[in-house]
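Shown next, in structure tokens, is the structure this report addresses.
The values are calculated or read from the model by the stated rules, or taken from the named source; none is laboratory data. Note that the structure is a prediction, hence the values are computed from the model and not measured. Quick reminder, even Gly has a Cβ in these numbers, built from the backbone with ideal geometry, and neighbours come from all protein chains shown.
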Amino acid sequence: MSISMIAQIVTQTLLYSAPLILVALGGVFSERSGIVNVGLEGIMVMGAFSSIVFNLTYADQFGAWTPWISMLVGGLAGMLFSLLHAIATINLRADHVISGTVINLMAPSLAVFLVKVLYGKGQTDNINRNFGYFSFPVLQDIPVIGKIFFKSTSLPAYFAILVALISWFIIFKTKFGLRLRSVGENPQAADTLGINVYVMRYAGVLISGFLGGMGGAVYAQSISGRFAVTTIAGQGFISMAAMIFGKWNPLGAMGAAIFFGFAQNISIVGGNLPIISAIPDVYLHSAPYVLTIVVLVLFLGKASGPKANGKNYIKSK
């Protein structure tokens, strides 16, 4: 296999991994606080929708910065949408899975309705300003490694990896992270120590929404190029599997997301690879989702998440 082919596989793997990493990290923050966020898929949808609309509207004003600003807009939209999940689970004490499922059902319908209102059709136009590919100065000139990892690569992927490193530091090395983990493990004990359980859980869910919305925005602006009802199709659930596979650790979730990104990439470029090219396309395209199911079956029972995860907290108790 040539260096060019390896470089292509690495680049495309990073491209597909970037949104999965961000959304998986969002799941880590939410579940570390004790709130199960099944609604990551719906949050991704709203992030993708809002980012594409912003991109199409303000591309002329912001130029090359448009995708990055749109990513932040998608994050804010995801945060706003996750507020519904936070209110339902923290204040109204609703079942976490049911609340997340409602978000997943509501988001695509709402987004498609707004697209029809804004554009008069079922999907948006293609954006002209997307993330594209980026070459790192100096690093791209390193023999072999430079061509594989740093030339014509996905900059959002490296941004997502940086966010994963920062997330690990926040969760395991800061006072905020310690408090977040404490309310996810034993909220009653955390409350007796003066930690506001509700505030910390709100913080976990809102951070989850922001990262999930950014993940949807990255996917829409680097892979899809437009928004339609099929733009986000299972990536949120794949990210949840990556979070579980990574044992609720930001670095583990990042590694699992890259693995699933590689699986998605193989379904696209597998026809150009030896041996894999002999596998029928239908199996290659279904591989990421089959792997997601396999990971959940094998690791969901064995993986040990936060002890209070999914349990509503009542202060009076």
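Being within 21 Å of Ser109 (Cα to Cα) and in contact (Cβ under 8 Å) with a residue 24 or more places away in the chain is a description that does not apply to Gly204.
Could you list, in sequence order, all residues of the stretch 105-158 that are surrounded by 15 or more Cβ atoms within 10 Å (Cβ to Cβ), farther than 24 Å from Phe62 by Cα and in contact with a Gly (Cβ under 8 Å, 6 or more places away or on another chain)? Once the filter is applied, which keeps residues that are surrounded by 15 or more Cβ atoms within 10 Å (Cβ to Cβ), farther than 24 Å from Phe62 by Cα and in contact with a Gly (Cβ under 8 Å, 6 or more places away or on another chain), the stretch 105-158 yields Met106, Ala107, Pro108, Val112, Gln140.
Can you find even one residue in the stretch 70-83 that is among the polar types (S, T, N, Q) and either closer than 24 Å to Ile170 by Cα or surrounded by fewer than 24 Cβ atoms within 10 Å (Cβ to Cβ) (or both)? Checking the stretch 70-83: at least one residue is among the polar types (S, T, N, Q) and either closer than 24 Å to Ile170 by Cα or surrounded by fewer than 24 Cβ atoms within 10 Å (Cβ to Cβ) (or both).
Taken together, the residues in the stretch 246-257 that are in a helix (DSSP H, G or I) and buried (at least 24 other Cβ atoms within 10 Å of the Cβ) amount to 5.
Does the stretch 68-83 contain any residue that is outside any helix (DSSP H, G or I) and without any contact (Cβ under 8 Å) to a residue 60 or more places away in the chain? The answer is no; no qualifying residue exists.
Going through the stretch 108-127 one residue at a time, which ones are assigned to a helix (DSSP H, G or I) and touching a residue at least 12 places away in the same chain (Cβ under 8 Å)?
Within the stretch 108-127, Pro108, Leu110, Ala111, Val112, Leu114, Val115, Leu118 qualify.
When the residues of the stretch 193-217 are filtered to those that are aliphatic (A, V, I, L, M) and within 30 Å of Arg129 (Cβ to Cβ), the one that is farthest from the chain's Cα centre (by Cα) is Leu206. Scanning the stretch 288-317 for residues that are surrounded by 11 or more Cβ atoms within 10 Å (Cβ to Cβ) and either small (Gly, Ala, Ser) or modelled with pLDDT of 80 or more (or both) returns Val290, Ala303, Gly305, Pro306, Lys307, Ala308, Asn309, Gly310, Lys311, Asn312, Tyr313. Test Ile35 against the stated conditions and say whether it is in a helix (DSSP H, G or I) and among the β-branched types (Val, Ile, Thr). Judged against the criteria, Ile35 is not a match.
Where helices (runs of 4 or more DSSP H) fall wholly inside the stretch 135-227, the ranges with 1 or more residues that are charged (D, E, K, R), farther than 20 Å from Ala24 by Cβ and out of contact with any Cys (no Cβ under 9 Å at 6 or more places or on another chain) are 175-185, 187-192. In the set Ile35, Ile52, only one residue is modelled with pLDDT of 95 or more and within 13 Å of Gly216 (Cα to Cα); that residue is Ile52. Surrounded by fewer than 20 Cβ atoms within 10 Å (Cβ to Cβ), closer than 19 Å to Pro156 by Cα, touching a residue at least 12 places away in the same chain (Cβ under 8 Å) and out of contact with any strand residue (DSSP E or B) (no Cβ under 8 Å at 6 or more places or on another chain), is that true of Ala64? Here the answer is yes, as Ala64 does meet what is asked. Within the stretch 159-174, residues that are in contact (Cβ under 8 Å) with a residue 60 or more places away in the chain and of a type in the set (Phe, Trp, Tyr) have Cβ atoms under 8 Å from residues that are surrounded by 19 or more Cβ atoms within 10 Å (Cβ to Cβ) and in a helix (DSSP H, G or I) in these pairs: Phe159/Ala18; Trp168/Pro250, counting only partners at least 6 apart in sequence or on another chain.
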